Amino acid sequence: MMVHIPGVLDRAEAAQSLTDLQNADWVDGRVTAGYQSAQVKANRQVPEGHPAARRVGERVVAALNRNPLFISAALPHRIFPPLFNRYGPGENFGSHVDNAIRQVPGTGLRIRTDLSATLFLTDPDDYDGGELVIEDTYGTHAVKLPAGDMVVYPSTSLHHVRAVTRGERISSFFWIQSIVRDDGQRTLLFNMDQAIQRLGTDHPDHPSFTAMTAVYHNLIRQWAEL
Ligand code: NI
């Protein structure tokens, strides 16, 4: 399931993040690519562990941890420290699937990539091209969002980034290991949680609200892996 999470960062936070990243050293994006994806990747990245990446990454993770839509959709167990990429004219990233396991730099911790996330930091007006295109069983979806908005999608999906033809596209990208590994189960829980929240708003005293909330938590108890 692909979910659009609006306003993870507000406009001021997104602008501040771009300023913070401006002075970072940008290197060839193939540093984090696997063998296949390195063949099709042409962009630049801030090196993992760079102070600017760490500062902005902490801002992103703090924002995610207080975002109810993200929590409901991703059911996050571990979030990989955010990385940052930049595409100028002619740069693109051909079709690939993200590596299944990623080691968090400087730690022994490994993350299974259940969900991939792209948080847009530049506004769509500032560049042409650069759409993130996600392929799933329903076809392809071209995603280009306002600064501060994010998309999460199953890491099992093939995806690519179309060439930028004007301006620059700067984004944060990272992965999430979910407490619920299976995308189908996670989608059911997300749909159920959204319905329960509407029920709680419209009929807070209805006994079904309590009953459905119990079922939701008991399904998580069945399916969670920690
Ligand atoms: Ni990718």
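The values are calculated or read from the model by the stated rules, or taken from the named source; none is laboratory data. From a predicted model like this one, the values you see are computed outputs, not experimental measurements. All Cβ positions, glycine included, derive from the backbone under ideal geometry; neighbour counts span all protein chains shown.
Scanning region 168-203 for residues that are within 16 Å of the ligand (Cβ to nearest atom) and either assigned to a loop (DSSP other than H, G, I, E, B) or basic (Lys, Arg) (or both) yields a single hit, Arg169. A count restricted to region 49-66 and to residues that are surrounded by fewer than 18 Cβ atoms within 10 Å (Cβ to Cβ) and not in a helix (DSSP H, G or I) stands at 2.
Only one entry of Ile71, Ile79, Ile101 meets the criterion of being β-branched (Val, Ile, Thr), at pLDDT 95 or above and buried (at least 21 other Cβ atoms within 10 Å of the Cβ), and that entry is Ile79. Does Val152 satisfy being within 30 Å of Lys41 (Cα to Cα), in contact with an Asp or Glu (Cβ under 8 Å, 6 or more places away or on another chain), within 16 Å of the ligand (Cβ to nearest atom) and of a type in the set (A, V, I, L, M, F, W, C)? Here the answer is no, as Val152 does not meet what is asked. When His160 is tested against (1) within 16 Å of the ligand (Cβ to nearest atom); (2) more than 30 Å from Gly90 (Cβ to Cβ), only condition (2) is not met.
Within region 20-38, the set of residues being in contact with a Lys or Arg (Cβ under 8 Å, 6 or more places away or on another chain) and part of a loop (DSSP other than H, G, I, E, B) comprises Trp26, Ala33. Taken as a whole, the condition of being at pLDDT 95 or above, more than 16 Å from the ligand (Cβ to nearest atom) and more than 15 Å from the chain's Cα centre (by Cα) applies to Arg221. Note on region 72-88: residues that are within 14 Å of the ligand (Cβ to nearest atom) and closer than 30 Å to Thr213 by Cα amount to 1. Looking only at residues of region 89-101 that are in a strand (DSSP E or B) and under 16 Å from Ser172 (Cα atoms), we find that the one that is farthest from the ligand (Cβ to nearest atom) is Asn92.
Residues of region 115-137 that are more than 18 Å from the chain's Cα centre (by Cα) and assigned to a strand (DSSP E or B): Tyr127, Asp128, Gly129.
Restricted to region 104-122, and to residues there that are crowded, with 17+ Cβ neighbours inside 10 Å and under 24 Å from Ser17 (Cα atoms), the residue that is nearest to the ligand (Cβ to nearest atom) is Ser116.
Sub-6 Å Cβ pairs linking a first residue in region 155-177 that is among the aromatic types (Phe, Trp, Tyr) to a second residue that is near the ligand (Cβ under 9 Å from one of its atoms) and assigned to a strand (DSSP E or B), at least 6 apart or interchain, are Phe173/Thr118; Trp175/Ser116, ordered by first then second residue. Count of region 77-88 residues, restricted to those that are assigned to a strand (DSSP E or B) and within 11 Å of the chain's Cα centre (by Cα), is 2.
Among residues of region 129-152 that are farther than 19 Å from Leu69 by Cβ, those with a beta-carbon under 8 Å from a residue that is crowded, with 20+ Cβ neighbours inside 10 Å and of a type in the set (Gly, Ala, Ser) at least six positions away or on a different chain give the pairs Lys144/Gly130. Based on this model, can you work out whether Asp193 counts as under 17 Å from Pro68 (Cβ atoms) and outside the structural domain of Ala74 (by TED's automatic domain parsing)? Here the answer is yes, as Asp193 does meet what is asked.
Screening the candidates Thr140, Thr165 for the property of being at pLDDT 95 or above, closer than 23 Å to Pro6 by Cβ, more than 17 Å from the chain's Cα centre (by Cα) and assigned to a strand (DSSP E or B) yields one hit, Thr140. Pairing residues of region 101-125 that are not assigned by TED's automatic domain parsing to the domain that holds Leu75 with residues that are within 15 Å of the ligand (Cβ to nearest atom), at Cβ distances under 6 Å and at least 6 apart in sequence or on separate chains, gives no pairs at all.
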